[in-house]
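Below: one structure, written as structure tokens.
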Amino acid sequence: MLIAWGLFHYQMFDLLPYARDAMLMSIREGVILVDASGRVAVVNQMAQQLLQKPADQLKGRPACEVFKDWPQLLRLLSEPETTRVDLTLSSIDQQRYFDLTLSPLIDPYGRLVGELVLLHDITRRIQVEDELRALSVTDPLTGLYNRRKFFDQLEIEIERAHRHNLPLSVLMIDVDGLKEINDTLGHVVGDEVLRQMGRILSQSRRPDVPARDGGDEFVLLLPSTGLEGAQHTARRLLKEAARAPLPHGAQLLISIGIADLRSGDNRDGNDMLERADQAMYRAKASRAGLAIAAEDSETLPDKGG
């Protein structure tokens, strides 16, 4: 009797619903309660923001309607155990990522009376992770792959070439006169020369792998391409470099060395890269613009035309 008197006297039964609602609204996670009939019974303010819908478009609606864009969640609603998954929601203009926890609600008699859905928006975290991952494999100036990522791709392509008996070639590219450009026109122009080279290489066909090897050197891996195809690509690069628009009258002049994969090459590609590098220096020394690392060490007199 004393307990009952206290509950009514202090209006604790009246306060509990308000306390519950205040707690739900203050939680930083999206909270959604789906009842046993499959309708949304409770949805807090954060969930409304995440779903980008007001409460009157959510409460009382069938879960299959509310979550029609989330088929993965609809499948999980039938699971008898607590489940935690990463969920992706794609729309026309954005893609969002959620950490989702779904827990069945069981009454004292063991009956399922509903499902509790907790949504935590991890979009920004995923974006930061993607940015850091991209920075770890790309050259910040040109946006091309860096040396480490290139060697990862090189090993993959060498293994594929050996397994399927496919040709594989590589171009070593040196930007001629970069030091003189930096000294006379400044590093801002020199950086633009390198960026322009990066833009030219980034327009290669999809299977090709362009990268900045460091300093004024670039490399282009050509899967399923023999020396003839590599030579055609190199000549195209020479012409595009000669036409590249640059400030203050600067010119993009390059030397290219070509090598293909040989049966005796090691799996990490160092043999092929070394031959391409030597060919590139022959082209640079002869001012021919292009050299192929072949048995006869041929140098092709072509400066872009």
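All of the numbers you see were taken from the coordinates with simple rules; none came from a lab. This structure is a prediction, so every number in the text was calculated from the model and none was measured. Note that each Cβ is placed from the backbone with ideal geometry, even for glycine, and that neighbours are counted across all protein chains shown.
Aspartates and glutamates near LYS53 by alpha-carbon distance under 17 Å, same-chain residues fewer than 8 away left out - which ones?
Within the straight-line limit of under 17 Å, LYS53 reaches these aspartates and glutamates: GLU29, GLU65, ASP69, ASP93, ASP121.
Considering all alpha-carbon pairs of the stretch 138-301, what whole percent are spaced by more than 29 angstrom?
Considering the stretch 138-301, 14 percent of its Cα-Cα pairs are separated by more than 29 Å.
Can you give me the C-alpha center-to-center distance between the stretch 90-164 and the stretch 165-183, rounded to a whole angstrom?
Using only Cα atoms, the two centres lie 34 Å from each other.
Whole percent per 5 Å bin, from 0 to the bin with the longest distance: what is P(r) over all C-alpha pairs of the stretch 77-181?
Values per bin, smallest distances first: 2, 9, 10, 11, 10, 10, 10, 9, 9, 6, 5, 4, 3, 1, 1, 1, 0.
What is the spin-label model distance, in nm, from GLN153 to LEU112 if the labels are put 7 Å beyond Cα along the C-beta direction?
4.8
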